[in-house]
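We did not get these values from a lab; they are worked out from the coordinates using the rules stated. The structure presented is a predicted model; accordingly, all values stated were derived computationally and were not measured. Heads up, the Cβs are rebuilt from the backbone with ideal geometry, glycines too, and the neighbour counts pull from every protein chain shown.
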Amino acid sequence: MAEPILQINNISLSFGGVKAIENISFNVADGEVCAVVGPNGAGKSSMLNVINGIYTAQEGNITFDGTTHAKMTTSVAAKAGIARTFQNIALFKGMNVVENIMTGRNMMTKTNWMAQGLNLPSAKREEAEHREAVEKIISFLQIEAIRKTQAASLPYGLQKRVELARALAAEPRMLLLDEPMAGMNLEEKQDMSCFILEANREYALTTVLIEHDIGVVMDISDHVVVLDYGKKIGDGTPDEVVNNQDVINAYLGVSHD
Amino acid sequence: MEFDWVYFIEVILGGLMSGVMYSLVAIGFVLVYKSSSIFNFSQGTMLLVASLTFVRMTEGGVNFWLAMVLAMGIMVIMGILTERWVIRPLANQDLLSLFMATVGLATFHEGMAQYVWDADVHGLQLSKFFDLDILRPDPIMIVDHVAWLDILLPRFDIFVSIVAGSMIIALAIFFQKSRTGVSLRAVSDNHMAALAVGIPLSRVWAIVWSVTGVIALISGLLWAERVSVSFTLIEAVMKALPVILIGGLTSIPGAIIGGLVIGVGEKVGEIYFADALGGQGIELWFAYFMALMFLVFRPQGMFGEKIIERV
Amino acid sequence: MWYREAGQFVTNYYQDRRIFPLRFDRWFVAIGLILLVALPTLYGSEYWLSAHMIPLCAVGLATLGLNLLTGYTGQLSLGTAGFMCIGAFGTFNLILRLPDWLINWPTAMLISGIFAGLVGIVFGLPAIRIRGFYLLVSTLCAQYFVWWFFNQYKYFLDYTPSGVVALPEKYYDYFGLSELMGWDMQSYNNRWFIAILFVIGLTYFAKNLIRSSTGRNFMAVRDMDIAASTIGISVPKTKLLAFFVSCYYCGIAGALYSFAYIGNVDLMIYEVDRSFTIMFMMIIGGLGSITGSFLGAIFVYEFPIAFTVLGDYVFAGAGGHAGGGFDSAAVENVSNMAYGIFIIALLIREPGGFGALWGNYKQKLRTWPFPH
């Protein structure tokens, strides 16, 4: 079996006296879609924040793409190729859609500010190249019409899509999505699920997502990890997890398809 | 040469007392910030407007107490109008806009005060109004029965400390016990929740701005005794900025302690370190430097609320 | 109807990025710039140059500098005048102490801007830890410290007893040539020429920065710096770069103010109320707008002058200025009241200031006579 791309090793995280995550370990295989589920407050967002370095865990470490990191920071995570979206949309309100997505290309920008200020040919060329890459993502996510709209004035569903675009623009190795379909209706969810699956298949992009809709989870994920009160109570394929008694007791209540 | 301990203590005490003056101004800032997250840049100019109004009235022969009442009344009206015409229309904009509005307000105050009254320097001597022992200009010996400890302190500083102290206690009681005070604390915690339980936001803010205005009047008068009422009053008040920044923008105890720290630090720096740093005039930037060093280690100030962003 | 974009298509990304997408704009601006540089240099009257156009270059550039830091990167600063001061004193000292054949006025300005930028970085370091309003403490410290420094160490004023250096003619020379082909170097016409070239060049540079990844990094840090760091933007580096560039601009603006406008190097010019004035200009012009920076500067600078002229005109019958126009104190106070009311009204109506109003106006013009 191939080496998993992400290994969470005995992570524990506390805020003051509150234990948000207690000794959690799990693996994510390269190229799979892994859903992290659990009741509110179970520690899911915190887990994602630990993975990409926004929070620092008190215990444990993370192995990503072969390298073990004792302390993960946002810049290390970004350089390693981890991109993410946020629960409460973190778009840059002062810029339009294209500009927002272009920021995702930041790590691949080589020209320095001097060259850009002087509008040198190298700067212009790089800008056009990045724009081309961004346009591919724009057409992939079908948001051409809103290219020049200010991000702040977009409806919620489209904002989420733009955030996904920004994450994809970084050409990441792994995508962390925090409730990408929250607040969407059925049609929007279907669209979003399609995009996620397509990105996963097209770019062999490992995806870890937090999701509440069990239907979606069953449909698109290869692997499910269940958290409750900061502890892991389920880990396996969707079918295995749904039939796990602990999970049913804590979370699912009556199992349904 | 032996280190003059008595003098040192006097310097410290002197610093504490001038610090109290800073704290007074700072409390006005904190009140507004605490209840609305607005950084009230016009706090200093409010001092100017208040004290200029008062001084011109008394110079014109108005009785002290009457002038006091009238001046307070004017500040209250100003507070209500400010809430109505400046704060409320901008309520849905971001904090930077509101800050900029207070910058505009400050400019307006400056122009208005000097246009209506004039730009001359007006002295203020409280001792002219009251024949109180404590207001005499000569310094008082507060400790002179201990053998080697003869501490000399200006009377006025003691007076200021008493007034400031009483005001702070009054405010503390107000916030803890009175209904308006409790509403204020609710509003400062969470606007939406306060609205949800029926607290009239506009009214609370109008009260805040009025109270701030009255604080501006009292602190303005105390400052004026020191530096006279003129445009330069605002400069002296700019020093209050490092005070609130050290104390934390949301904390009244912080404003008090911050004021004391800056007051002492300034005096000590001026008397003991000025020569090392090349001469006089360093108190200009020393207060800010102290605040800067403090904030680098504790970016939210001593008692300020830590800015937590939830992603 | 001729001002429209119908029929103008972009066929590649280079074109999409143009500063002036409309053909009309490109022509207008190109011709306008040429006229702006040439006409006043050749024909400008001393009054208009010295009292209006040159000072506007200086304060406009300072406002642009401040806007880069506060409007685009979200870092509050009240130290603008302090950085301007460094630029002015730096230029003066470079010309004073370096041999004639090595240095001239424009070159000295370019270099002294770097001094200002470096000091900016020093006072920008706290921005890595300190956020929001608390950051004011750092730039205010810079403002007061710089002022005290130059007041304390008279060396930098060449020990001039009066404390003010009136710049002699040779400071404006190029490499010791006191008159280049009969062209007076110290004339306002020449000063305008240099000033406007600097303004045009630096504004172009700023515009390029803003529409490239550096500009986006600035705005990302302003809008949400945690998200910016997850994309891999180095927030500390971005903030420090913003401080450097902004203070560079302010340094040059300060040098222009002393050299091109006043003709003196004087510490009184660079006191804290100058910082406030520039901040007003930025607020009225609009945060995050390059055009707005200049519009705001023009408004704030010209208002008192316009007001005095109005006073003279209204009271012309009573004998003109001496006979009963508004006196200067009244002018200043009424100006202040007007600014205050204006800022508040503008913020209520259009938080983006003149810059946003201008943008809206142009948008309406593009679709005129249709409403949208």
- [ ] May I ask for the longest run of chain A untouched by chymotrypsin sites (Phe, Trp or Tyr not before Pro) that are loop-located per DSSP and have at most 16 neighbouring C-beta atoms (other than their own) within 10 Å?
- [x] A:1-202
Task: Efficiency of FRET between A:ASP65 and A:VAL18 - r from beta-carbon atoms, R0 22 angstrom, step 0.05 - done: 0.10
Open item on the list: Using each residue's phi in the range B:106-112, evaluate 6.51 cos²θ - 1.76 cosθ + 1.60 at θ = phi - 60° and report the 3J(HN,Hα) Karplus result to the nearest Hz, with x for Gly and Pro.
Closed with: 4, 4, 4, 4, 4, x, 5
Task: the range C:208-295: trypsin sites (Lys or Arg not before Pro) falling in loop per DSSP and having at most 14 other Cβ within 10 Å - done: none
Task: Rounded Å value of the spacing that divides the Cα centres of the range C:186-228 and the range B:4-20 - done: 49
Task: Theoretical FRET efficiency, 1/(1+(r/R0)^6), r = Cβ-Cβ of A:GLU3 and A:ASP239, R0 22 Å, to 0.05 - done: 0.35
Open item on the list: Kirkwood Rh over alpha-carbon pairs of the range C:201-298, then Stokes-Einstein at 25 °C and 0.890 mPa s: what D in µm² s⁻¹, rounded to an integer?
Closed with: 163
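In a shell of Cβ-Cβ distance under 13 Å around B:LEU184, excluding B:LEU184 itself, what net charge do Lys and Arg (+1) and Asp and Glu (-1) give? Walk me through the numbers on the way to the answer.
Working: positive: B:LYS34, B:LYS177, B:ARG179, B:ARG185, B:ARG203; negative: B:ASP189.
Here the count lands on +4.
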Task: In range of the label at C:HIS52: residues from the range C:9-34 whose backbone nitrogen is under 14 Å from the point 7 Å along Cα→Cβ - done: none
Open item on the list: Please report, ordered by residue number, every helix of chain C (full DSSP H runs) that is 18 Å or longer along its axis going by C-alpha atoms and whose mean Kyte-Doolittle hydropathy reaches -1.0.
Closed with: C:23-43, C:54-66, C:80-97, C:105-124, C:136-152, C:188-210, C:235-256, C:272-285, C:290-314, C:328-349, C:353-367
TODO: Find the centroid of the Cα atoms in the range B:173-226 and in the range C:1-25, then give the distance between the two in whole Å.
DONE: 54
Task: Convex hull of chain A built on C-alpha atoms - directionally averaged projected area, nm² - done: 14.9
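DSSP loop (so not H, G, I, E, B), at most 15 other Cβ within 10 Å: list which trypsin sites (Lys or Arg not before Pro) in the range C:1-87 pass both filters. Mind dumping the intermediate values first?
Values: sites: C:ARG4, C:ARG17, C:ARG18, C:ARG23, C:ARG26; in loops: C:ARG4, C:ARG17, C:ARG18.
Those satisfying the criteria are C:ARG4, C:ARG18.
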Task: Straight-distance crosslink candidates among lysines, where the alpha carbon sits under 16 Å from B:LYS239 and sequence neighbours closer than 8 are dropped - done: B:LYS267
TODO: Please identify every one of the trypsin sites (Lys or Arg not before Pro) in the range A:128-184 that sits in a loop by DSSP and has no more than 10 other beta carbons within 10 Å of its own beta carbon.
DONE: A:LYS148
Open item on the list: Can you list residues from other chains, or at least 5 along the same chain, whose modelled amide H is less than 5 Å from the amide H of A:LEU227?
Closed with: A:VAL37, A:GLY38, A:ILE233
Open item on the list: Let's test the formula: R0 of 56 Å, r as the Cβ-Cβ distance of B:ILE12 and C:ASP100. What FRET efficiency results, to the nearest 0.05?
Closed with: 0.50
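In the protein assembly as shown, what percentage of the DSSP-assigned beta bridges are antiparallel, given to the nearest 5?
Numbers: 31 of 48 bridges.
If we restrict to bridges inside the protein assembly as shown, about 65 percent are antiparallel.
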Task: Partner lysines for A:LYS232 [C-alpha distance under 16 Å; skip if fewer than 8 residues away on the same chain] - done: A:LYS19, A:LYS44
- [ ] Would you mind checking the tilt of helix A:186-202 against the longest principal axis of the Cα atoms of chain A, expressed as 0 to 90 degrees and rounded to 10?
- [x] 80
Task: Vicinal HN-Hα couplings computed from phi for the range B:170-179 (Karplus, 6.51 cos²θ - 1.76 cosθ + 1.60; Hz; Gly/Pro x) - done: 4, 5, 4, 4, 3, 6, 6, 9, 6, 5
- [ ] Along Cα→Cβ, 7 Å out, is where each label goes; now give me the distance between the ones at C:ALA166 and C:VAL309 in nm to one decimal.
- [x] 2.8
Task: C:ILE226 versus C:ASP273: modelled label distance in nm, points set 7 Å from Cα along the beta carbon direction - done: 4.3
TODO: Starting from the eigenvalues of the Cα gyration tensor, five times each then square-rooted, give me the equivalent ellipsoid semi-axes of the range C:25-271, largest first, whole Å.
DONE: 32, 23, 14
Open item on the list: Going through the cross-link list A:LYS93/A:LYS148; A:LYS110/C:LYS237; A:LYS79/A:LYS136; A:LYS71/C:LYS239, which pairs have a Cα-Cα distance over 18 Å in this structure?
Closed with: A:LYS79/A:LYS136; A:LYS71/C:LYS239
- [ ] Note the angle between two axes, namely the Cα long axis of helix A:156-169 and the longest principal axis of the Cα atoms of chain A, as a number of degrees from 0 to 90, rounded to the nearest 10.
- [x] 80
Open item on the list: Using only the alpha-carbon atoms, what does the range A:93-169 span along each of its principal axes? Please give whole angstrom values in decreasing order.
Closed with: 37, 23, 20
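In the calculated pair distance distribution of the protein assembly as shown, what percentage of Cα-Cα distances lie above 40 Å? Could you put the intermediate results ahead of the total?
Details: 217104 of 441330 pairs.
Tail of the P(r) past 40 Å holds 49 percent of the pairs.
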